[in-house]
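Everything on this sheet refers to the single structure shown next.
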Amino acid sequence: MGRVIAIDGPSGAGKSTVAKLLAGMLGFNYLDTGALYRAAALGLRRKGITPEDTDERLSEALGGISVVFSGGRVFLDGEDVSEEIRTPEAGHYSSVFSARMPVRDFLLPVQRDAAQNNDLVAEGRDMSTVVFPDAWKKFYMDANIEERAKRRHLQLQQGGVSVSMENAREDVIGRDKRDTSRDIAPLRVAESAVFIDSSDMPLEEVINKMLGVVRSETARRGAGG
Ligand code: DC
């Protein structure tokens with residue numbers, strides 16, 4: 001098992017940008033677990049599964065699906081679906097299906113395997129609480145609703161999806177609610193996580209703060225502590 005830097009937080013907090021940069025700077029692999037949930041949801045939809053279906057039906061359908069994250073891309077049954085999973089519809093279904101136990105059980109080994117033989121920066125909602133509770137370093141990234149709605153709006157526009165600012169805001173609020181209130185693996189701040197509010201913090205400052213945390217640990221260990 002390699003060293004794991006676990007980053008959790010709500011949608012739009014800037015986790016992906018930061019996690020990718022950090023992984024590149026440290027020479028760690030990068031894992032976007034949201035992409036795994038999005039691909040699994042897409043796989044379920046392609047099999048005609050709806051949120052009303054039973055856990056048994058979900059498990060059965062997941063048994064015939066393969067989801068792989070590699071080189072920053074996500075593959076569903078061998079097909080690169082990295083773009084397709086970014087539509088608002090795919091986002092909605094990933095949020096709904098991610099609250100279901102069969103989906104979380106299905107993706108648990110996929111996520112843990114990613115750290116088997118590599119150092120890893122993993123980002124999501126339950127990296128530091130459920131998937132990698134013994135992570136080497138834990139961070140929780142947050143930003144206020146307005147800032148996250150702005151980022152979400154921009155992200156959708158860049159992906160060619162036109163939505164109003166108000167819709168982007170509602171989307172962020174709805175996802176927060178589902179992510180934090182679900183029974184299984186809800187989004188929460190792990191006890192030993194370093195909390196970072198990126199609302200008014202430039203990206204460079206966020207990265208420097210995280211690198212500071214990572215390096216101070218390395219230095220302490222190196223000093224024989
Ligand atoms: O980070 P994202 O928006 O791409 O994630 C898509 C959905 O997947 C999100 O609504 C919550 C869910 N998710 C999760 O439940 N656990 C994770 N570790 C990552 C994502």
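The values are calculated or read from the model by the stated rules, or taken from the named source; none is laboratory data. Nothing here was measured: the structure is a model prediction, and the numbers come from that model. Don't worry about glycine lacking a Cβ; one is built from the backbone with ideal geometry, like all the others, and counts go over all protein chains shown. Surface accessibility is based on the protein's heavy atoms, side chains included, excluding ligands, DNA and RNA. Shrake-Rupley method; radii C 1.70, N 1.55, O 1.52, S 1.80 Å.
Side notes on the structure shown:
- Scope the stretch 197-213; condition among the hydrophobic types (A, V, I, L, M, F, W, C) and either open to solvent by 70 Å² or more (accessible area, probe 1.4 Å) or touching a Lys or Arg at 6+ places or on another chain (Cβ under 6 Å) (or both); matching residues: Leu203
- Residues being away from the ligand (no atom under 16 Å from the Cβ), open to solvent by 40 Å² or more (accessible area, probe 1.4 Å) and part of a helix (DSSP H, G or I) are entirely absent from the stretch 81-102.
- Selected residue (criterion: farthest from the ligand (Cβ to nearest atom)) from residues of the stretch 20-45 that are part of a strand (DSSP E or B) and open to solvent by 10 Å² or more (accessible area, probe 1.4 Å): Asn29
- Residue in the stretch 53-66 that is within 15 Å of the ligand (Cβ to nearest atom), open to solvent by less than 60 Å² (accessible area, probe 1.4 Å) and either part of a loop (DSSP other than H, G, I, E, B) or in contact with a strand residue (DSSP E or B) (Cβ under 6 Å, 6 or more places away or on another chain) (or both) present: no
- One residue alone among Val214, Val189 is outside any loop (DSSP other than H, G, I, E, B) and either within 16 Å of the ligand (Cβ to nearest atom) or under 16 Å from Ala6 (Cβ atoms) (or both), and that residue is Val214.
- Top-ranked residue of the stretch 1-12 - restricted to ones that are crowded, with 23+ Cβ neighbours inside 10 Å and touching a strand residue (DSSP E or B) at 6+ places or on another chain (Cβ under 8 Å), ranked as nearest to Val213 (Cα to Cα): Ile5
- Residues in the stretch 67-80 that are open to solvent by less than 20 Å² (accessible area, probe 1.4 Å) and more than 14 Å from the chain's Cα centre (by Cα) were compared, and the one that is nearest to Met127 (Cα to Cα) is Val67.
- So Gly48, is it at pLDDT below 95 and open to solvent by 10 Å² or more (accessible area, probe 1.4 Å): no
- Taken over the stretch 109-123, the criterion of being touching a Leu at 6+ places or on another chain (Cβ under 8 Å), of a type outside the set (Asp, Glu) and either assigned to a strand (DSSP E or B) or open to solvent by 40 Å² or more (accessible area, probe 1.4 Å) (or both) is satisfied by Val110, Leu120, Val121, Ala122.
- Count of residues meeting criterion [under 18 Å from the mean Cα position of the chain (by Cα) and assigned to a loop (DSSP other than H, G, I, E, B)] in the stretch 192-211: 2
- For the stretch 134-169, a residue qualifies if it is without any contact (Cβ under 8 Å) to a residue 60 or more places away in the chain, assigned to a helix (DSSP H, G or I) and more than 14 Å from the ligand (Cβ to nearest atom), and the qualifying residues are Ile145, Glu146, Lys150, His153, Leu154, Gln157, Gln158, Met165, Glu166, Asn167, Arg169.
- As a summary of the residue check, Asp183 satisfies the conditions (1) within 13 Å of the ligand (Cβ to nearest atom); (2) assigned to a helix (DSSP H, G or I) except for the one numbered (2).
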